[in-house]
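> Quick one: the structure is below, and I'll ask about it shortly.
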Amino acid sequence: MEERGSPDGDLARSLEQGPEGPETPIQVVLRVRPMSAAELRRGQQSVLHCSGTRTLQVSPPGGGPEVAFRFGAVLDAARTQEDVFRACGVRRLGELALRGFSCTVFTFGQTGSGKTYTLTGPPPQGEGVPVPPSLAGIMQRTFAWLLDRVQHLGAPVTLRASYLEIYNEQVWDLLSLGSPRPLPVRWNKTQGFYVERLRVVEFRSLEALMELLQTGLSRRRSSAHTLNQASSRSHALLTLYISHQTAQQMPPVDPGAPPVGGKLCFVDLAGSEKVAATGSRGELMLEANSINRSLLALGHCISLLLDPQRKQSHIPFRDSKLTKLLADSLGGRGVTLMVACVSPSAQCLPETLSTLRYASRAQRVTTRPQAPKSAVAKQPQRLETEMLQLQEENRRLQFQLDQMDSKASGLSGARVAWAQRNLYGMLQEFMLENERLRKEKSQLQNSQDLARNEQRILAQQVHALERRLLSASYRHQQGPGLTPLCPCLMAPAPPCHALPPVYSCPCCHICPLCRVPLAQWACLPRERHLPQVLDPEASGGRPPSARPPPWAPPCSPGSAKCPRERSHRDWTQTRVLAEMLMEEDVVPSAPPMPVRPPKTSPGLRGGAGVPNLAQRLEALRDQIGSSLRRGRSQPPCSEGARSPGQVLSPR
Ligand SMILES: Nc1ncnc2c1ncn2[C@@H]1O[C@H](COP(=O)(O)OP(=O)(O)OP(=O)(O)O)[C@@H](O)[C@H]1O
């Protein structure tokens, strides 16, 4: 039935728009079977009328108000099996299953409404008698389409099938090789609910699949009751597993777990029935109760799935085996098509209305279809994710290591190497510089020692010359009527005890030089006076230390050695002394010291005082020379008094 605006086109477009990602509602197709021969015999009326392709109107007998139901597609009794197959858009579901989606087609309705007929056609007329192709149901048509589709894919596809029934709330394998045993229903995170140890049979041809179907149908429990001569007493689930890997490429499957990949599941539910209406007794009644309880659980889950808030919380899929195995199809990641089957007979109106309400609610249930990835497909992705994580961790650790190095040395690796090389060179340079400075320091130390020694010698010579000069100058100026000059006025006043006590005779009680009372003088013993200039004539053969200096004053007044009486002789000695000093050549032998600030104290410290002493020595020489020149030209006693400043520069 390829007509414009047909349900097939709507469903196809809905499925083609992509079920992955957004919420996808359960697709519902309503099929009204023809009146059965028994119903016609009883003269029952049809209360169902199709209005268009998607609306069903219910006209209660006796003139009650009509009720309209709208579904994805409404197929009246005139529709053939091929029409139903096309209208349901099962081929689209097959395509989605080939892409890895989990798709489900299930029929729902009261007993005798045509569920099994819709899925698998009329019951077999005899053992080994196949269903005529024109009466083949959705399943056979899908099988044929799928096998043809796979053959033209051009890629290896593995097809397998399982077939089970839920009878009296127990799962039975319809394809088991041995004696059938009830199978447990398990759950894991990746696969959800599944039947453990369910036989999954690989098939490569349509004939093989049809044989599996016939095997299952022949094993499925059915009985006769008032409304159906071949009533199914169990829910039957046939599942096709579609995988794009060969058996060798497929990862090992957990023991008892179904294979992963795309799935296409056909569920033929047992029909709800009123025991009173079917006349079931005994075992039939038990089967009916079990069927009704499981259908009630299914309806309850569907009702809860309609509530968005409840959908996020708990849905009691565990209430029955049926709801467990349909959990993914109803509220999970699957794509689901529901074919609601009804009888047009007025006698079945209450059950028909119940089915219509049931189906109306179901088509408002949404799923979030998602193609499960196979383990093979997951593995490269997992490895790639791990590799990215390890790379990220490696970068993070490398960054932390660089930071630690930088903190430790403040330098990166290249800079550290550069710094090590340069630090080694700098260390060598510092060692050489240190050695050079050590040598220079040693030389300077030696020079300093030499300078100090020479300074000391010069200082001694200068002091000796100054005293001799003062003594000679004083004696030279001790003429008649002349007042002796105080050496304090000629030179920095030396301590009185250091002055040569030449004329500090105790009898005068006044220092002849500075006229200070002698009581303030502390004249030293004659032996501790400054070194004496040798005078062979006056020494009398005594050692120098024992001999008095030539200018030594008499120790008592009136002595023959009084300075007044010995002035000429002493002057002669002074002149000899001065001539001797003029012949001396005292030159500092120390190297020049670092330049000091010009206002540095001229004190005799280190080599700095050496030039000063040398200058003073030179000045003394000049002064002595001048005195000698004057002495040669004038007799000492007639020589006029001179200012001390004209003789010696004050120092
Ligand atoms: N569209 C149809 N055209 C012709 N005959 C049909 C149609 N639908 C159902 N029938 C017939 O009606 C009877 C009951 O059908 P069927 O067994 O499929 O019902 P059911 O819903 O599966 O019942 P149950 O739940 O008891 O198994 C069968 O004899 C079947 O051949």
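The values are calculated or read from the model by the stated rules, or taken from the named source; none is laboratory data. Since this is a predicted model, take the numbers as computed values, not measurements. Glycine also receives a Cβ, built like all others from the backbone with ideal geometry; neighbour counts cover every protein chain displayed. Side chains included, ligands, DNA and RNA excluded: accessible areas come from the protein's heavy atoms. Shrake-Rupley method; radii C 1.70, N 1.55, O 1.52, S 1.80 Å.
> Given the structure, is Pro180 open to solvent by 60 Å² or more (accessible area, probe 1.4 Å) and either free of Cβ contacts under 8 Å to residues at least 60 places away in the same chain or under 20 Å from Ser234 (Cα atoms) (or both)?
yes
> Taking the stretch 320-346 as the region of interest, how many residues are over 16 Å from Tyr358 (Cβ atoms) and within 14 Å of the ligand (Cβ to nearest atom)?
2
> Residues Gly109, Gly121, Gly137: which one is within 12 Å of the ligand (Cβ to nearest atom) and touching a Cys at 6+ places or on another chain (Cβ under 6 Å)?
Going through Gly109, Gly121, Gly137 in turn, just one is within 12 Å of the ligand (Cβ to nearest atom) and touching a Cys at 6+ places or on another chain (Cβ under 6 Å): Gly109.
> Looking at the stretch 27-54 only, could you name the residues that are away from the ligand (no atom under 14 Å from the Cβ) and in contact with a helix residue (DSSP H, G or I) (Cβ under 7 Å, 6 or more places away or on another chain)?
Once the filter is applied, which keeps residues that are away from the ligand (no atom under 14 Å from the Cβ) and in contact with a helix residue (DSSP H, G or I) (Cβ under 7 Å, 6 or more places away or on another chain), the stretch 27-54 yields Gln27, Val28, Gln44, Gln45, Val47, Thr53, Arg54.
> Please find, among Ala451, Ala419, Ala408, Ala414, the residue that is more than 30 Å from His244 (Cβ to Cβ), outside the structural domain of Leu617 (by TED's automatic domain parsing) and at pLDDT 75 or above.
Ala451
> Okay, next question. Has the stretch 46-53 got at least one residue that is at negative phi, part of a strand (DSSP E or B), without any contact (Cβ under 8 Å) to a residue 40 or more places away in the chain and not hydrophobic (A, V, I, L, M, F, W, C)?
Yes.
> Something else now. Go through the stretch 139-163 residue by residue and tally those that are open to solvent by less than 10 Å² (accessible area, probe 1.4 Å), touching a helix residue (DSSP H, G or I) at 6+ places or on another chain (Cβ under 8 Å) and not aromatic (Phe, Trp, Tyr).
Residues meeting the conditions: 5.
> Looking only at the stretch 89-126, which residues are touching a residue at least 24 places away in the same chain (Cβ under 8 Å) and over 23 Å from Gly72 (Cα atoms)?
Result: Leu98, Arg99, Gly100, Pro123, Pro124.
> Oh, and also: Given the conditions (1) in the same structural domain as Leu56 (by TED's automatic domain parsing); (2) at pLDDT 90 or above; (3) open to solvent by 10 Å² or more (accessible area, probe 1.4 Å), report the number of the one that Met338 does not fulfil.
If we test Met338 against (1) in the same structural domain as Leu56 (by TED's automatic domain parsing); (2) at pLDDT 90 or above; (3) open to solvent by 10 Å² or more (accessible area, probe 1.4 Å), just (3) comes out false.
> Name the pairs whose Cβ atoms lie under 8 Å apart, with the first residue in the stretch 133-157 and farther than 17 Å from Leu217 by Cβ, the second among the basic types (Lys, Arg) and open to solvent by 40 Å² or more (accessible area, probe 1.4 Å), and 6 or more positions between them or separate chains?
Qualifying pairs under 8 Å: Trp145/Arg91.
> Considering the stretch 55-100 alone, what residues qualify as being open to solvent by 60 Å² or more (accessible area, probe 1.4 Å) and touching a helix residue (DSSP H, G or I) at 6+ places or on another chain (Cβ under 6 Å)?
Correct list: Pro61, Arg86, Arg91, Arg92.
> In addition: Counting only residues that are small (Gly, Ala, Ser) and surrounded by 13 or more Cβ atoms within 10 Å (Cβ to Cβ), how many does the stretch 26-50 have?
3
> Additional query: For the stretch 104-131, what are the residues that are farther than 27 Å from Gly332 by Cα and in contact with a Gly (Cβ under 8 Å, 6 or more places away or on another chain)?
Thr111, Gly112, Ser113, Tyr117, Gly121, Val131
> Given the condition in contact (Cβ under 8 Å) with a residue 40 or more places away in the chain and under 18 Å from Met139 (Cβ atoms), answer yes or no: does some residue in the stretch 225-232 qualify?
yes
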